[in-house]
1. Does at least one position in segment B:43-63 carry a residue that is β-branched (V, I, T) and outside any helix (DSSP H, G or I)?
2. Can you report the number of residues in segment A:36-63 which are at the interface with chain B (Cβ under 7 Å from one of its Cβ atoms) and over 17 Å from the mean Cα position of the chain (by Cα)?
3. If you check B:A33 against the conditions, is it facing chain A (nearest Cβ under 7 Å), within 17 Å of the chain's Cα centre (by Cα), assigned to a loop (DSSP other than H, G, I, E, B) and among the small types (G, A, S)?
4. When segment B:77-115 is examined, which residues are found to be assigned to a loop (DSSP other than H, G, I, E, B) and under 18 Å from A:A90 (Cβ atoms)?
5. Just name the residue that is surrounded by the most Cβ atoms within 10 Å (Cβ to Cβ) out of those in segment B:1-52 that are under 30 Å from A:D40 (Cα atoms) and among the β-branched types (V, I, T).
6. Which numbered condition in (1) surrounded by fewer than 22 Cβ atoms within 10 Å (Cβ to Cβ); (2) within 7 Å of another protein chain (Cβ to nearest Cβ); (3) aliphatic (A, V, I, L, M) is the only one that B:A122 fails?
7. Picking from A:S79, A:S116, which residue would you name as being part of a loop (DSSP other than H, G, I, E, B), in contact with a helix residue (DSSP H, G or I) (Cβ under 8 Å, 6 or more places away or on another chain) and of a type in the set (S, T, N, Q)?
8. I'd like the full set of residues that are surrounded by 12 or more Cβ atoms within 10 Å (Cβ to Cβ) and over 30 Å from B:V87 (Cβ atoms), limited to segment A:65-104.
Amino acid sequence: MRNLVALLAGLIFGLGLVVSDMINPARVLGFLDLFGGKWDPTLAFVMIGAVAVMAIAWPIARSKPAPVFGGDMPGPASSLIDSRLVGGAAIFGLGWGLVGLCPGPALAGLLVGGTSVWVFIAAMLAGMGVLNMVKSG
Amino acid sequence: MNFDLTNALFGLTGGILIGLSAALLLLANGRIAGISGITGSLVALKLPAAWSENLIFLVGLIAAPAIYALMASPPAIIITSSLPLLVAGGVLVGIGSRLGSGCTSGHGVCGMSRLSKRSILATLTFMAVAILTVTISRLLIVN
C-alpha cells in the first residue's frame, strides 16, 4: 500500500505541475523576473494553493499517532539556522534563476521536455551525488 | 509570458493538487514531499530504507506529464538556456538543494506550511537570489 500511495502522490504532484504550468521554465522565469515590467504572478497562486492544503494537513498529521500505512510521522521541524541552510538556499536560488528549473519541474519534464531537460537533470544528479559524498565523508 | 485570470485559476488548481499530493504522502506514509530530498536519497552510496518508495514516487512524477500529453495536449516547455548554462544551473540546483536540505517543495510548500523558521528563511533566501539572478541576467543581455 505504501508503494501505491507513493505512486499516486507522484502522479498527482506531476499533474499539479502540468496544470499550473510550473513545468514550463519560461512561466517560472516570468515570476522571478519581478522587475522586468511584465511580471507573471502564476507561481504565487501555485504556492498559495499548495501551502493552504498542507496548512490543513499538518494539524491532522499531528493529531494522529501514526501514518495510515505504518512508520512514524515526521518529528518537529528543526530550528537550526546555520550557514549550510542559508548558503545552500542561495546556491539553489542561483541555479534556479539561471534556468528556471527546480528539481520537481525538471523531473516532471523528463519525458516531455526534450534534451535540455536531460542535460539539466544529469547535472543536478551529479551535484546531488557529489554533495552526498561530501556530507557523508 | 502572458498572464490572465485563467493562469491564476490553473495555478491555484495545480497548487492545490501539489498540496494534496504532499498531504497524501504525509498522512498515509508519514513522508515529506520534498523532491530534492527524495531524489537526492537515490544518488547516494548508502540508499535509505524507503528507497523503493522514493523511486516509485519519482516514477509517478515523471509519468504524469507524459500520460497527460497522451490524453490532452502536451505541455509547452520553453527552455532557451545554452548548454553551459543548463549544466551550471543543474549542478548549482543539485548542490544547493542538498546543502540547504530542501527546494521549492520541501522548504517552500511542506516547511512553510508548518511555519518552520528554517524553511521560511530558506524560501526567502532562494526566492531573493533567484529574482536577483534573473534581474542581473536580463540587464546583462539587454545592455
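Here, each number is a calculation from the coordinates, and none is a lab measurement. Since the model is a prediction, treat every value here as computed from it, not as a measurement. Neighbour counts are summed over all protein chains in view; Cβ atoms, including those assigned to glycine, are modelled from backbone coordinates with ideal geometry.
1. We begin by selecting, within segment B:43-63, every residue β-branched (V, I, T); these are B:43, B:56, B:59, B:62.
Okay, now just the ones that are also outside any helix (DSSP H, G or I), so B:43.
Yes: one or more hits.
2. Residues that pass the stated criteria total 7.
3. Yes.
4. Passing the criteria: B:G100, B:S101, B:G102, B:C103.
5. B:I18
6. The failed condition is (1).
7. Going through A:S79, A:S116 in turn, just one is part of a loop (DSSP other than H, G, I, E, B), in contact with a helix residue (DSSP H, G or I) (Cβ under 8 Å, 6 or more places away or on another chain) and of a type in the set (S, T, N, Q): A:S79.
8. Applying the first criterion (surrounded by 12 or more Cβ atoms within 10 Å (Cβ to Cβ)) to segment A:65-104 yields A:67-69, A:71, A:73-74, A:77-78, A:81, A:84-104.
Across segment A:65-104, the qualifying residues are A:P67, A:V68, A:F69, A:G71, A:M73, A:P74, A:A77, A:S78, A:I81.
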